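What follows is a single structure, written as structure tokens, with notes after it.
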Amino acid sequence: MDRWLWAVRLTKTRPDAAAACRGGHVRVNDKPAKPATTVVPGDEVRYRVAGTTKILDVVRVIQKRVGAPDAATCYVDRTPKPPPETAIPVARRDRGAGRPTKRERRVLDAFRSQQEP
């Protein structure tokens, strides 16, 4: 398992892949994976990285690290897209614009009072 994660460029080093397996961040077919777990085509790999879980279907098993285009053909990424973040408007003034005028201050205060729950 650690060799496959490293070979398809999901981790930078094999020790990182082994640590992820030992830490419980990797599951194969909904079972915790050890670094020595074997992977076969058709397996589902769940790999938690940076707070998100990647869901991958193994297409091809490779033992040596290959280039990124070749590595991308070894799995199918079924990770769901994250929901779009809604942009919250922020009241900002241009740098160097000086102090706000009385009118601008009233507009800013009205904007801030609408934003508070």
For the stretch 42-93, the Cα convex hull volume per residue in Å³ comes to 144 Å³
To make sure I understand the rule: partners must be lysines, Cα under 19 Å from the Cα of residue 12, and not fewer than 8 residues away in the same chain. Which ones qualify? 34, 54, 64
Pop out the carbon and sulfur fraction of the accessible area of the chain as a percent, whole number, probe 1.4 Å. 53 percent
Which whole-Hz ³J(HN,Hα) couplings does the stretch 45-61 yield from phi under the Karplus relation 6.51 cos²θ - 1.76 cosθ + 1.60, θ = phi - 60°, glycine and proline marked x? 10, 10, 10, 8, 9, 6, x, 10, 9, 8, 10, 10, 9, 6, 9, 9, 9
For Cα Rg over 2.2 N^0.38 Å, calculated from these coordinates, the label among [x] 0.98; [y] 1.21; [z] 1.76: [z]
Signed unit charges on C-beta, dipole axis of the chain, positive-most listed residue 110, 96, 69: 96
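Magnitude of the Cβ-charge dipole of the chain, K/R +1 and D/E -1, about the Cα centre, nearest 20 debye?
Approximately 580 debye in magnitude.
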Aspartates and glutamates near residue 31 by alpha-carbon distance under 14 Å, same-chain residues fewer than 8 away left out - which ones? 43, 44
With Cα atoms, 0 to 90° folded angle of helix 102-115 axis to the chain main axis: 40 degrees
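The values are calculated or read from the model by the stated rules, or taken from the named source; none is laboratory data. As the structure is a computational prediction, the values presented were derived from the model and not from experiment. Note that we place each Cβ from the backbone using ideal geometry, even for glycine, and neighbour counts take in every protein chain shown. For accessibility, only protein heavy atoms count, side chains too; no ligands or nucleic acids. Shrake-Rupley method; radii C 1.70, N 1.55, O 1.52, S 1.80 Å.
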